[in-house]
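Computed from the coordinates by the stated procedures, all read-outs in this text should not be read as laboratory data. In this text the structure is predicted, and so the values were computed from the model without any measurement. Virtual Cβ from ideal backbone geometry, glycine too; neighbours counted across all protein chains shown.
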Amino acid sequence: MVGVGREPGGVGRSVFRNLIASGYSGGLFPVNPRLEDVEGRTCYPNVAALPEVPDLAVIAVPAAVVPGVVRELGVTGTRCVIVISAGFKETGREGAALERELMAAAAENDVRILGPNCLGLIATPAKLNASFSATWPRPGGTAFMSQSGALGTAVLDWAKGRRIGLSSFVSLGNRADVSESDLLDIWREDDGTRTVVAYLESIADGPAFVEAATKLTAVKPLVVLKSGGSDAGARAVSSHTGSLAGSDAAYDAAFRRSGVIRAHTVQDLFDFAEALSRQPLPAGPGLAILTNAGGPAIMATDACDFYGVTLAGLDRSTTDALREALPAAAALFNPVDVLGDALAARYSAALDALSRDPNVRSVLVVLTPQAPTQAVETARSVVDFATRTGVTTLACFMGADAVAEASRVLADGGVPAYKFPERAIASLAAMERVRENRTRPRTVAPPIDADRDTVRARIDSARAAGRTFVTDEGASSIAQAYGLPTPASALARDLASARVLAAEIGYPLALKIASPDILHKSDIGGIRLGIKGEGELAAAYEAVIGAARDRMPDADVWGVTLQAMVPAGREVIVGVDRDPQFGPLLMFGLGGIYVEVLHDVVFRLCPVSPEDAREMISEIRGFGLLRGARGQAPADIDAIVDVLVRVSALAVEFPDITEMDINPLIVMDRGGGAVVADVRIGIGG
């Protein structure tokens, strides 16, 4: 421990006391040149004077001297260092430079750094408390990491109060070296860790996190509370997709891809962690609710509908057994109401009947304290049921003082106890999502035949011209190169060439202003639709050219784009936005008012498989309109799937594309296909 100070309340002294108090059996060596002994142990003047090479060093000295200490430790052979000290990049430019110096010192001798500016770590199996937290948690199977030291201490205290055991706790601090992804890899291999919980404010390396989380969640649950859901900062976007794809959409998509269960509140984090750490995952859908009060049972049933939890249909043999065991006034169908005067024996009899029903994969036991209620005895019956049967069991013992002892019995027996039914159901829904994620087949995006040379040429041409977007003609060419269905189109420099090209394409036509400076053509009156002949063509040409001159007199106008009119169909939007952390995000939603006003869109990380694409389509609120409503024929879902997969592949294979909008994609009735009516592509430098 480098930096053990004189003051008993100092950080370094607190960490060293924790190391002693936790019962660590290895050697503990305090370092301070001004002290001869600390807490009854010999204190050494510097790292070189230590009697042996430490496996782990904890540093709590002023930031300016930390790089030198790390260099000394590296020379002696120490390879793992926790830097508690603050004063690095969190303080500004000078601190950031000091942090770079720290990492350079670590790199000289392959030293791994946790921190700096962190609380430290706790490993209960090793009886190691290398932190300045005042709480020593119970040993157990939950690993917890936090980017906030303050929230970390709160979780440690909560876990202790709820009798939840931790295998380890890690405060990440500035993550100059050891990251959240590193910890996920470590805990995946740790037999003592069964559940992983994290509080994250950002993710250092998006692809690395997705890879590590995907591997972890295949074998262990991962619950993440991600704060900072709004965009990290303002950015200039020209597409609908870019304006809708905030940082939170990217995190949602990344968590979904990797099987992470997202907690949206600290309460969720606690609740989900408690359920996942204490109970086995449900074998499948099918919840039985057992209660002594009708009102809470209705609340639980409503919550099931809200969170997507399926109530079990009870077998006839089960209802017969319940009829034998319960009073005549009891409710025998799910929820099962054993009535307000139920003693523990009545709960136990009902649980026994439910345990034999093959449709029951999970049970929620609800209890409200009434005059005859035997809360503690009932809690013991619930624990016995959970232990004996292995059925996923949650409890909701409502109240405070009257159920306090019963709640402790449940906690000690490994049954999560919630104060309200909605919290219990939300936790069960999280458990079911873990099971579904683990059993869902991993699908792979198919290879796409494409003319990649054309795409590269169009992007390079736009970049050479100094543009941050591809022209309409170039965007259409890129779409065609990836097999996206586009209508015939051509650029007319003047009215005479427009007449010739219109005759070749055929009427009716759409006419759009062509200008590298006018991205939103409809905003200035730069689009005309349904042109039926030369007379209308001339009028439309003059109108859009005049509108461009009036509204944007400095714009470079190339002429007009003529395009074959697309048949009527349902309008949807497909887009791409490149997230700085996770890469390309694919967006899908209904077009028109649904995207402009209602923002009825969904996102996925690219690449997507056909199965992913089909799932996206089904998730929008307006899916019923595509499936067919009020006698309307269903839309060609297969055609939308094909477009989504191809756009996803384009975005992955060409990182130059920063944003893309197909708005609208016109979708015909089933079997009729789809047509890209308009496409816009932005590129990076």
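Any lysines with Cα under 30 Å of the residue 532 Cα? List them, leaving off those in the same chain fewer than 8 positions away. Here the lysines satisfying the reach criterion relative to residue 532 are 512, 521. Here the spin labels are modelled as points 7 Å beyond Cα on the Cα-Cβ line, and at residue 621 and residue 218 they lie 3.7 nm apart. For 440, 433, the sequence from fewest to most other C-beta atoms within 10 Å is 440, 433. Residues of the stretch 514-539 falling in the label zone of residue 496, defined by backbone nitrogen less than 17 Å from a point 7 Å along Cα to beta-carbon, are 538. Computed across the chain, the Kirkwood hydrodynamic radius from all distinct Cα-Cα pairs reaches 29.4 Å. Between the Cα long axis of helix 206-217 and the first principal axis of the chain there is an angle of about 50°, rounded to the nearest 10.
By the gyration tensor of its Cα atoms, with a ≥ b ≥ c the square roots of the eigenvalues, what is the shape of the stretch 520-574: rounded for a/c under 1.5, prolate for a/b over b/c, or oblate? It is oblate, given that a/c is not under 1.5 and a/b is not larger than b/c.
Roughly how tilted is helix 344-355, in degrees to the nearest 10 and between 0 and 90, from the longest Cα axis of the chain? Helix 344-355 sits roughly 50 degrees off the main axis of the chain.
What per residue convex hull volume, in Å³, do the alpha-carbon atoms of the stretch 623-665 yield?
Numbers: hull volume 3.0 nm³, N = 43.
Expressed per residue, the convex hull around the Cα atoms of the stretch 623-665 is 70 Å³.
Across the stretch 572-585, computed HN-Hα scalar couplings (Karplus, 6.51 cos²θ - 1.76 cosθ + 1.60, θ = phi - 60°) run 10, 10, 10, x, 9, 9, 8, 7, x, 9, 10, x, x, 10 Hz from first to last residue, x flagging Gly and Pro. Sorted from greatest to least, the principal axis extents spanned by the alpha carbons of the stretch 280-439 come out as 44, 35, 29 Å.
Residues 638, 252, 517, 661, ranked from the fewest to the most other C-beta atoms within 10 Å, line up as 517, 638, 252, 661.
Compute the Cα gyration tensor for the stretch 444-496, then decide on rounded, prolate or oblate, letting a ≥ b ≥ c be the square roots of its eigenvalues: rounded whenever a/c is under 1.5, prolate when a/b is larger than b/c in the other cases, and oblate in all that remain. Judged from the Cα gyration tensor, the stretch 444-496 comes out oblate (a/c at least 1.5, b/c at or above a/b). Sites listed here are GluC sites (Glu not before Pro) in the stretch 1-107 whose DSSP assignment is loop and whose Cβ has at most 13 other Cβ atoms within 10 Å: 36, 52.
Can you give me the angle between helix 316-325 and the longest principal axis of the chain, using Cα atoms only, in degrees from 0 to 90, rounded to the nearest 10? Roughly 30 degrees, rounded to the nearest 10.
For the stretch 26-68, the gyration tensor built on C-alpha atoms gives an oblate shape. Its axis ratio a/c (a ≥ b ≥ c) is at least 1.5, and a/b is not larger than b/c.
Set the Förster distance to 30 Å, then compute FRET efficiency between residue 387 and residue 201 from the Cβ-Cβ distance, nearest 0.05. FRET efficiency, residue 387 to residue 201: 0.20.
Here's the list of lysines a cross-link from residue 226 could span, going by alpha-carbon distance under 30 Å and ignoring same-chain residues fewer than 8 apart: 89, 127, 160, 215, 419.
State the percent of C-alpha pairs, over all pairs in the stretch 449-605, separated by a distance greater than 18 angstrom.
67 percent
Projected onto its three principal axes, the C-alpha set of the stretch 133-278 covers 53, 30, 29 Å, listed from the longest axis down. Taking label points 7 Å from Cα along the Cα-to-Cβ direction, residue 315 and residue 157 give a separation of 4.9 nm.
Taken over the stretch 488-564, the percentage of Cα pairs per 5 Å bin, counting from 0 up to the bin with the maximum distance, is 3, 19, 33, 26, 14, 6, 1. Based on Cα atoms of the stretch 375-453, Rg over Rh with Rh as the Kirkwood radius reads 1.37.
Checking every one of the trypsin sites (Lys or Arg not before Pro) in the stretch 283-388 against DSSP loop status and a limit of 16 other Cβ atoms within 10 Å picks out 356.
Each label was represented as a point 7 Å from its Cα along the Cα-to-Cβ direction; for residue 593 and residue 53 these points are 7.2 nm apart.
DSSP bridge analysis restricted to the chain gives an antiparallel fraction near 55%, rounded to the nearest 5.
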